[in-house]
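Some notes on the structure that comes next.
The values are calculated or read from the model by the stated rules, or taken from the named source; none is laboratory data. Quick caveat, the model's predicted, so the values are computed rather than measured. Quick reminder, even Gly has a Cβ in these numbers, built from the backbone with ideal geometry, and neighbours come from all protein chains shown.
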Amino acid sequence: MTEEMPRSSYTTENRANANLVRDTVRVIRGEQTKTYVVAEEHDDGSLLLTPAMPEQAPAERNLGDRGSALADRAEPVEGQRHEPSIILAVSDLSVSYGAKKAVVDVTLEILRGEIFGLLGPNGAGKTSTLSAIEGLVKPKAGTVLLDGIDIRRHPAQAKAKMGVQLQATSFQSQLAIKQIVQLYAGLYGSKLSDHEITEGLKAIGLEGEATKPFKQLSGGQQQRLSLYIAVVHEPVLLLLDEPTAGLDPQSRRQLWTRIEHLRQQGGSILLTTHSMEEAQAVCDRVAIIDNGTVLTTETPLDLIEKHKDDPRVRAVAHGEVTLEDVFIGLTGSEIRE
Amino acid sequence: MSSVTNVQPTAEPPLRLVLTSLLRADFVVFVKNRRTLIISILLPLFLLVTTNSSKALQHFGGALYVIGLAIAYGMAATSIMGYALTVARDREKGVFQRLRVTPAPTWTIMASRLGMQVIANLIIALVIVIVGTRLHHISLSAGQYGLVLLVAILGGAVFLSLGQALVGLVKSADTINAAGRLILIALILLASLGQSGALGSAWESIARWSPVGTVMTLFAGVLNLSAWSHHDSLTLAVCVAYIVVFAGIGIRWFQWDAR
C-alpha cells in the first residue's frame, strides 16, 4: 500500500509534476493523478509517501449520496498534519490454537475513514484475526499497529483507541443498562454524569430502558447499546464482528446508518460479515479470507471486475456477477461447519 | 513496506478510574447477589447452634474450634460455590472477553472481584464471631476482633485460591458446580468427622492439616491468643503454602475464554 519512492523517480523531474499541498503530494503520472500523504521527509530529499484516500472513494461509487462526505476525506485537514493515513497495519499475522493454524501470514492495512470488510466462510479465520487485533489472543507471529501503536507492546494504549463489538456481547446480568454504560465509560477513561448517560441512551432510543438489565432488551436494542458502548470513548478504529447477525431489516438499516455516521466523523471501521450484499453496499474495500489466508483485497467493484471472467465465478453466477458469486467462486461452494 | 512507525503510546485511562469503575460494578453485583452471602452465613450459624451442647463442643475440641470451623465453612462455601462458579459462568457468557477488549489491565478485573469476595469473607467472619462468642459467653478485645478480621482475610484467601485453582483447571461452569459441591462436602465431612477422631488418627491428622482444618485452627488461635502455640504458627505457614500453591495453579492455568 505504501510506496517508498526511489530518489530517481521522485526528484527534480517528478517535483516538476508534483504539487506540494501542506503535507500531501499530488503526483501526476501521464493522465493519472494520485494523492499521497508525506509520512517521512528524509535528509536526502526523498519522501516516504503513503496513499491518501482515493480521489474517488470506492464507497462513493457504491453509496451514491454519501459521495461528497467521502470525497472530503481526501483533502488535507488542518491539525492532522503528518498523521499517517493508515490507521491499522497488520503484518504477517499468524494465530494458532495448538496444532491448528487459524490465521496464516495475514497482512492488512486499513485507511483512516475507511470501512473495511473481512469476508470469509465459517472457520476461515475472521474472528481469530479480529481477536488478535483486539488483543484477545496472542498471535504466534506478526505485528499489529493501531495508529502507530504496537498492540502487543502497549496493549492498554492501543485498546484505548479501539472500539470493539464482539460477535456475542455479554455483560454482567445483574447490572442495569445505565450501570453498564457507566462501567465501560470508566474503563475507557471517561467519567460520564447521569445526565450524559441519559442523553446518550436517548440518542440510541433507550432512554426508557436505563434501569433494565441487558438481557431484557430486544436484539436490536442490545445491538444499539453494544455499539454505543463500543464508541463511548470515540475510538479511531471500530471493530465489528458480524454486527448485523440476527437483526431484522429495520435494525440492520439503523445500524449501518450509525456506522456510516461514525465514519463521517473520521473513524475507521473493520467488520466481518456473511452478508455479501451489505459488504458490497457499505464497504470501501473488502478482503476475502479462507483457511486463515487472505485471498484478495480490493474494492467490491474491482473485485467483481477482476474475477467476473474467472471460470469458478462464472460457474456459480446467475446472470450479472455479484460479490457473493466472487466470494463463493473463490472460497468454494461446500458448506463449512 | 509500511510507513506506520511504532510511535510512542498515547494516554491510557487512569488506573484509579478503571479500578473505581470495576469495583462499583462488582459491588452492585455483590449487593444483588446478597442471598448467596446470607446462605453462606446461615449454614455456619446452624452449625453453631446445633453444636451448642457440652458433648458436641467436647467432640470438636471446644467452643473456639467450633467457631473457627463455622467461619471456615462459611468462607469455603462462598469462595468455592460463589466466587468460582460466578467466574466460570461469566467466562462462559463472554463477560470477561468484553472486559478484556477495554484498556483495563486484566489484573484489575480479577482484583476487583476478589476484593468483593474479601468483603464477603469479612462479613461472614464478623457475624459468626459475634454470634459465636455471645452463644458461648466469650468476650473478645478490640485487638482480637482486629485479628479475627486479619485471619478472615488470610483464611478467606485459602478458599479463594482453592476456588481460583478450580476455575483454572476446569472450564465448564456446570462441571465446576458439581465439582465445587463435592469439594465442599468433602471438606466439611473431613473436618467434622476427621477432626473429632471418629475416623482414626490418620484421618484426624489429615483433617487437621486440610484447608478447613488449618483455617479453623487459626481462628481458634486468635480467639484465645494466650494459648497460641508452635502448632498455630505452623498452621499459619501451611495456610500461606496453600494460598501460594492453589493461587499458582489457578493463575497458571486460568483461561479467560471458555472455548
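In summary, strands (runs of 3 or more DSSP E) completely within region A:114-199 and bearing 1 or more residues that are surrounded by fewer than 20 Cβ atoms within 10 Å (Cβ to Cβ) and within 22 Å of the chain's Cα centre (by Cα) occur at A:141-146.
All told, residue B:208 falls short of being within 14 Å of another protein chain (Cβ to nearest Cβ) and among the basic types (Lys, Arg).
As a summary of the residue check, residue A:136 satisfies the conditions (1) of a type in the set (A, V, I, L, M); (2) in contact with a Phe, Trp or Tyr (Cβ under 9 Å, 6 or more places away or on another chain); (3) more than 11 Å from chain B (Cβ to nearest Cβ) except for the one numbered (3).
The numbered conditions (1) more than 13 Å from the chain's Cα centre (by Cα); (2) within 14 Å of chain A (Cβ to nearest Cβ); (3) touching a residue at least 12 places away in the same chain (Cβ under 8 Å) are all true for residue B:113 except (1).
A quick yes/no check of all residues on (1) in contact with a Leu (Cβ under 8 Å, 6 or more places away or on another chain); (2) without any contact (Cβ under 8 Å) to a residue 24 or more places away in the chain:
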{"residue": "B:151", "(1), (2)": "yes, no"}
{"residue": "B:154", "(1), (2)": "yes, no"}
{"residue": "B:167", "(1), (2)": "no, no"}
{"residue": "B:171", "(1), (2)": "no, no"}
{"residue": "B:175", "(1), (2)": "no, yes"}
{"residue": "B:179", "(1), (2)": "yes, yes"}
{"residue": "B:185", "(1), (2)": "no, yes"}
{"residue": "B:189", "(1), (2)": "no, yes"}
{"residue": "B:195", "(1), (2)": "yes, no"}
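When the residues of region B:91-110 are filtered to those that are of a type in the set (Lys, Arg) and in contact (Cβ under 8 Å) with a residue 40 or more places away in the chain, the one that is farthest from residue A:156 (Cα to Cα) is B:91.
Applying the condition of being within 13 Å of chain B (Cβ to nearest Cβ) and of a type outside the set (Ser, Thr, Tyr) to region A:96-113 and asking which residue is surrounded by the fewest Cβ atoms within 10 Å (Cβ to Cβ) yields A:98.
Among the residues of region B:31-52, is any farther than 30 Å from residue A:91 by Cα, facing chain A (nearest Cβ under 7 Å) and either modelled with pLDDT under 95 or touching a helix residue (DSSP H, G or I) at 6+ places or on another chain (Cβ under 8 Å) (or both)? Yes, region B:31-52 contains a residue that is farther than 30 Å from residue A:91 by Cα, facing chain A (nearest Cβ under 7 Å) and either modelled with pLDDT under 95 or touching a helix residue (DSSP H, G or I) at 6+ places or on another chain (Cβ under 8 Å) (or both). With the requirement that a residue be surrounded by fewer than 15 Cβ atoms within 10 Å (Cβ to Cβ) and among the small types (Gly, Ala, Ser), what does region B:112-154 give you? Result: B:139, B:141, B:142, B:143, B:146. Checked against (1) more than 30 Å from residue B:19 (Cβ to Cβ); (2) at the interface with chain B (Cβ under 9 Å from one of its Cβ atoms); (3) among the aliphatic types (A, V, I, L, M), residue A:168 passes all but a single condition, namely (1). Checking each residue in region A:171-181 for being polar (S, T, N, Q) and at the interface with chain B (Cβ under 7 Å from one of its Cβ atoms) picks out A:172, A:174, A:179.
Among the numbered conditions (1) in contact with an Asp or Glu (Cβ under 6 Å, 6 or more places away or on another chain); (2) closer than 23 Å to residue A:245 by Cα; (3) more than 10 Å from chain B (Cβ to nearest Cβ), the only one that residue A:122 does not meet is (1).
Among the residues of region A:200-236, those that are of a type in the set (S, T, N, Q) and surrounded by fewer than 17 Cβ atoms within 10 Å (Cβ to Cβ) comprise A:211, A:216, A:218. Applying the selection to region B:18-74, what residues are outside any helix (DSSP H, G or I) and hydroxyl-bearing (Ser, Thr, Tyr)? Matches in region B:18-74: B:51, B:53.
Exactly one residue out of B:95, B:66, B:101 is within 18 Å of residue B:127 (Cβ to Cβ) and β-branched (Val, Ile, Thr): that is B:66. Looking for something within 14 Å of chain B (Cβ to nearest Cβ), free of Cβ contacts under 8 Å to residues at least 60 places away in the same chain and farther than 15 Å from residue B:102 by Cβ - is there at least one such residue anywhere in region A:225-241? Yes, the conditions are met somewhere in region A:225-241. Determine whether residue A:271 is assigned to a helix (DSSP H, G or I) and within 26 Å of residue A:95 (Cβ to Cβ). Against the criterion (assigned to a helix (DSSP H, G or I) and within 26 Å of residue A:95 (Cβ to Cβ)), residue A:271 does not qualify.
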